[in-house]
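Working notes, structure below.
Read-outs throughout are calculated quantities, based only on the coordinates presented, and are distinct from any laboratory measurement. Just so it is clear, the model here is predicted, and its values are computed rather than measured. Neighbour counts run over all protein chains shown; Cβ positions are idealised from the backbone, glycine included.
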Amino acid sequence: MKKTPVCISYDHENDKNYRYILEAWDANPEFDFEFNNETPNEINSDSISRIKAGLTIKIKLADYLLVIVGKYANQKHKNSGLIGAKNWINWEIYKAKELRKQLVGVKLDKSNESPDELLGSGTQWAMSFTRDSIIEALHRA
């Protein structure tokens with residue numbers, strides 16, 4: 001069975017452990033989705049335009065953008081003016097909407113502020129950061 005490609009968007013500095021959890025779930029053949037993953041820190045460049053190009057390719061290859069909403073997901077990045085959005089997560093969401101990708105969000109804590117670009121976007125929300133809840137949200141998207 002072909003797995004559905006999912007690109008994840010998350011705060012690399014604060015929430016990378018959740019990406020590792022997704023990778024562990026994905027390694028299990030019973031987990032019915034895979035994800036393409038790149039973040040600005042994993043693209044070997046300090047060039048904003050190269051990072052955008054790399055992220056755009058990954059988002060294009062995916063059917064969904066899964067946004068992990070941690071405590072700092074909507075915090076302003078020091079290079080926001082160069083990025084063209086409040087931060088990389090918001091830019092990835094903007095790009096995914098531009099490319100007409102399905103959006104799925106999951107808050108690590110219900111009090112976490114949603115990234116601005118998710119507001120009013122028709123995002124499907126997982127009820128919690130659990131395997132089943134994320135799969136259910138992907139199926140609804």
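Odds and ends about this structure:
- Residues of segment 10-28 with amide N under 15 Å of the 7 Å Cα→Cβ point at K71: 11-18
- With each label modelled as a point 7 angstrom along the Cα→C-beta vector, the K16-L119 pair spans 3.0 nm.
- Filter on K3/K110; K16/K97; K3/K71; K52/K78; K52/K110; K3/K76 - keep pairs with C-alpha separation over 26 Å: K3/K110; K3/K71; K52/K110; K3/K76
- Order of S121, S128, S49, S9 under a 10 Å beta carbon neighbour criterion, fewest first: S49, S128, S121, S9
- Folded to 0 to 90 degrees: helix 88-98 orientation relative to the chain principal axis, Cα: 70 degrees
- Exposure proxy ranking, count of Cβ atoms within 10 Å, fewest first, for Y94, Y10: Y94, Y10
- Between 0 and 90°, nearest 10: helix 48-61 axis offset from the chain longest Cα axis: 20 degrees
- The chain: most fluctuating residue of N74, N17, N87 per GNM, C-alpha cutoff 10 Å: N17
- Going through (1) 1.02; (2) 1.06; (3) 0.97, the figure that equals Cα Rg over 2.2 N^0.38 Å as computed for the structure here is (3).
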